[in-house]
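The next block holds one structure in the form of structure tokens; read it before the comments.
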Amino acid sequence: MLQQVYKGWHYSDFRDADKFSEFYWLFSREAHADGSYQRRIDELAKPKGGAKQRGLFKGGYQPVDESFLLELADYRETLAKYFKKADISLDSAELTEFVQRTLDRLVFMRFLEDKQIETEVRVSNLGKSKNAWADFQIASRRLDNIYNGIVFKPLPKLDDASFEVDDDMFGDICERLDVLYEELNGCEATLVGFGSKAIATVRPSSSRGRERFSVAHEIGHWLIHRGKSFRCRADDLVQNYSANIRFEKEADEFASHLLMPTSIFRPAIKATNKPSLNDLQGIAEQFEVSMQAVSIRLATLDTLPIIVACYTKAGLKWSIRASHVPKRWWLRSQLDDDSFAYDVLHKGTPCNNLGKQPAETWFENDDADEYEVLEHSMPSTNGQVLVLLYLNDPEMFEVGFDQNLKYGRSNNARSR
Ligand SMILES: [Zn+2]
């Protein structure tokens, strides 16, 4: 896909100062930093077919469902236009049905890819043996034989060999976002965007939940920050020189909402009265996400008085609290040896459920010895411990600002 646009240099060119400076300024760190790298790509050539840069998402933030609907509306309009071109006799009812059926099939194919149920048909491979539409028709036949449902059931006209749809347009829709699974150095996922197409590469993980979060994160970049390229979640932040924390947070938020939509996540939580980490594990399996992702989603949902935190032997890695939990409650930077989390991390002692703890085990505040909290901790990946705290005492919400804590300290570490 990216081979359509390239510019070559021979190493002997570098003796020529002008050519060298052209090369240098195209690939230098400075060019990356000031955005001229992207401008140069834009200048090189235009993508083929119906691809166009819509500029909808430049810098602006759009809610998940809004951007997805815009994307779908765009597909709908384009498909309808080209279907009518392919067969002028189609009436509007037929057009609507054909467009909807085509989108349903594409979405269902993507779903089968995501669940790793279907390994032969990949939407981004449509067009690799014949043309994209012919491949789509062949794939539809194959999947109809397997799944025998409504979606792939042949429709007169739409599935006829004589119905030929513009290949550039349809190929472009199929190629818009492809996901590859490949080893990556120093980051978990990348997005290389070009015009209205992009390739997301995700580092394979033994946890499908992590992989799915990474894919959803890149879809977020693709919908919200189109036209930019990303290296996401470098193990070493310094390496990740193109990192932009605001964009990363937006993509994380997008992923979290895409994988755990409020309308089904909230009832799942409600069904468990005061969920422990065991309950969250069940919900994580149900939504096919990691424990980290589900506990962060629970905190941001802001329905329960909780703080979620992650510690290593070196101390607090990140924490996130429901936004109605007062910021005055300042988490200890090192695990107290009375905490269950300490035993989980240092002694491997399992902690089976929520248990009472004096609040001073968890908070630095001088008045913490007056309250109790509930704690549940369990081992997480890479020698970390995941902690769920309930601030159940209503008085913890009523006390004022703690004068003894240093002014201006913020207790919100970065989280995924
Ligand atoms: Zn990212």
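The values are calculated or read from the model by the stated rules, or taken from the named source; none is laboratory data. Small disclaimer: the values here were computed from a predicted structure and weren't measured. Glycine gets a Cβ as well: all are built from the backbone with ideal geometry, and neighbour counts include every protein chain shown.
Computed values, structure above
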read-out	value
Selection count where residues are more than 11 Å from the ligand (Cβ to nearest atom) and either at pLDDT 75 or above or acidic (Asp, Glu) (or both), scope segment 217-245	5
Test: residue in segment 148-158 that is among the charged types (D, E, K, R) and in a loop (DSSP other than H, G, I, E, B)	yes
Any hit, segment 72-88, residues being modelled with pLDDT under 80 and either part of a helix (DSSP H, G or I) or under 30 Å from Thr262 (Cα atoms) (or both)	yes
Any hit, segment 204-216, residues being within 16 Å of the ligand (Cβ to nearest atom) and among the aliphatic types (A, V, I, L, M)	yes
Test: Leu143 is within 14 Å of the ligand (Cβ to nearest atom), crowded, with 16+ Cβ neighbours inside 10 Å and not in a loop (DSSP other than H, G, I, E, B)	no
Glu113 vs. criteria away from the ligand (no atom under 16 Å from the Cβ), closer than 20 Å to Ala216 by Cβ, acidic (Asp, Glu) and in a helix (DSSP H, G or I)	yes
Contacts under 7 angstrom Cβ, first residue in segment 284-304 being among the acidic types (Asp, Glu), partner in a helix (DSSP H, G or I), 6 or more apart	Glu288/Arg208; Glu288/Gly209; Glu288/Arg212
Of all residues making up segment 210-232, the number that are β-branched (Val, Ile, Thr) and out of contact with any Leu (no Cβ under 9 Å at 6 or more places or on another chain)	2
Conditions (1) within 15 Å of the ligand (Cβ to nearest atom); (2) surrounded by fewer than 21 Cβ atoms within 10 Å (Cβ to Cβ); (3) within 30 Å of Lys347 (Cα to Cα): number failed by Ala314	(1)
Failed criterion for Tyr342 (all others in (1) out of contact with any Ser or Thr (no Cβ under 8 Å at 6 or more places or on another chain); (2) among the hydroxyl-bearing types (Ser, Thr, Tyr); (3) outside any helix (DSSP H, G or I) hold)	(3)
Subset of segment 275-294 (residues that are in a loop (DSSP other than H, G, I, E, B) and either small (Gly, Ala, Ser) or in contact with a strand residue (DSSP E or B) (Cβ under 6 Å, 6 or more places away or on another chain) (or both))	Ser276, Ser290
